[in-house]
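Below is one structure, written out as structure tokens, with a few remarks after it.
The values are calculated or read from the model by the stated rules, or taken from the named source; none is laboratory data. Just so it is clear, the model here is predicted, and its values are computed rather than measured. Every residue, glycine among them, receives a Cβ derived from its backbone with ideal geometry; neighbour counts consider all protein chains shown.
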């Protein structure tokens, strides 16, 4: 992820919005107020229609990001509080109907982006669910907001701006994962969730929080238990993704530490956590993680046993296919190529995705390099089509079966959205078109429906098939 504040990026963004040809206007009405929590309806945003096309090569400049930050306050984590209030949840139940005819999975040819009628969000970095109908939205500055019934609730679910540093454009509140038992009444980890953020010194924290005992719409900021702190040598390449895998373990993506060209060699160094995907057991012992005994580098000399996969530059969004368990990792490139990496469900871990030997499918330095043992990406694109990949999800919702099996991702700089599909023989990747948005991330709700986040304007769009 490279978030650019330059006039060039703003100019490109405005020009894309002015020249978007496939826009249709429709007024979306807010649903009824939620116990007085609703805000005034915003001006409706246009629905954006996107079809498969051949894109012109935009002029994109990938800027380097300098380290920034102020001294960090010392934060003492208090003991967690056990919830006494039930967590609102809704288990989807299908109406009894005749078994539908399955729709064969195929590459989708067009999509539309339907705006949610909410306003008041800023600098969006993520969206997820807590096993109910609510949407939980991350703001880079250090807040988690709730959208319920298409309305943004005025009070944040969690506000930790007092400890989240976001002076650098790649710092801030970057990841959120609810424990699989978050909404299970009486479970040991009912009400617990994990976040990934950088502090005022720029260092990474993976911490656990607890929902308030008497208000399921508020988390207790004093319930923080820090599970892992990683010192960051530079202000960029912090990664930030968090996700619970099908095996119940917590997976975390960390960048290589920043600057350019991996100056510390962290991507290929197994004695550091930087440039890696970690796999952590957060259930076995309360208040600290343990290492799963089947992690690939357990007992391997100086190798950190937390490491699950390595050779990554800045994994900006990784996600599990909820149907297959496959893992998709979008990794931001250096100067030339962006890439999507893939790990098949059932992997024993230990994959080396190549950075900083490789950038995409190409040797980083010169035309020759040793590729032995490297797992090359399933897809790449060059910087004529963008400059910073934002990973997404495989669609597994029920509302649009024609989108099933398609992995959607985008580029932050160009606004292009791609579709990637495994046809059994090869990966079929095509740009669906230019959205005109600054897409920082995607999101997935409890039903598997997908969302697109527009970073600059705090807008959220639902991803649907095109007309």
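Listed here are the residues, each with its yes/no results for (1) crowded, with 22+ Cβ neighbours inside 10 Å; (2) in contact (Cβ under 8 Å) with a residue 60 or more places away in the chain.
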| residue | (1), (2) |
| --- | --- |
| 329 | yes, yes |
| 339 | yes, no |
| 352 | no, yes |
| 362 | no, no |
| 365 | no, no |
Complete set of residues in region 248-258 that are out of contact with any strand residue (DSSP E or B) (no Cβ under 6 Å at 6 or more places or on another chain) and touching a residue at least 40 places away in the same chain (Cβ under 8 Å):
248, 255, 256, 258
Subset tally (residues that are more than 21 Å from residue 347 (Cα to Cα) and in contact with a strand residue (DSSP E or B) (Cβ under 7 Å, 6 or more places away or on another chain)) for region 371-386:
5
When residues of region 344-379 are filtered for being part of a loop (DSSP other than H, G, I, E, B) and farther than 23 Å from residue 306 by Cβ, how many remain?
14
Given the conditions (1) within 18 Å of the chain's Cα centre (by Cα); (2) outside any loop (DSSP other than H, G, I, E, B); (3) touching a residue at least 40 places away in the same chain (Cβ under 8 Å), every one holds for residue 418 apart from (3)
Could you check how many residues of region 301-321 are in contact (Cβ under 8 Å) with a residue 40 or more places away in the chain, at positive phi and part of a loop (DSSP other than H, G, I, E, B)?
1
Restricting attention to region 341-370, which residues are out of contact with any strand residue (DSSP E or B) (no Cβ under 7 Å at 6 or more places or on another chain) and farther than 23 Å from residue 278 by Cα?
363, 365, 366, 367, 368, 370
Does region 291-298 contain any residue that is outside any loop (DSSP other than H, G, I, E, B) and crowded, with 23+ Cβ neighbours inside 10 Å?
no
Can you tell me which of 241, 284, 223, 259 is at pLDDT 95 or above, out of contact with any helix residue (DSSP H, G or I) (no Cβ under 7 Å at 6 or more places or on another chain) and surrounded by fewer than 16 Cβ atoms within 10 Å (Cβ to Cβ)?
284
Counting only residues that are under 17 Å from the mean Cα position of the chain (by Cα), give me the strands (runs of 3 or more DSSP E) lying completely in region 100-161 with at least 2 of them.
124-128, 135-139, 143-148
Taking only region 200-213 into account, find how many residues are in contact with a strand residue (DSSP E or B) (Cβ under 8 Å, 6 or more places away or on another chain), surrounded by 23 or more Cβ atoms within 10 Å (Cβ to Cβ) and closer than 24 Å to residue 316 by Cα.
4
Taking the stated definitions as given, is residue 384 loosely packed, with under 15 Cβ neighbours inside 10 Å and in contact (Cβ under 8 Å) with a residue 24 or more places away in the chain?
yes
Look at residue 436 and say whether it is touching a helix residue (DSSP H, G or I) at 6+ places or on another chain (Cβ under 7 Å), part of a loop (DSSP other than H, G, I, E, B) and either surrounded by 22 or more Cβ atoms within 10 Å (Cβ to Cβ) or touching a residue at least 24 places away in the same chain (Cβ under 8 Å) (or both).
yes
Quick count over region 168-199, residues being assigned to a loop (DSSP other than H, G, I, E, B) and either modelled with pLDDT of 95 or more or over 14 Å from residue 232 (Cα atoms) (or both), is 18
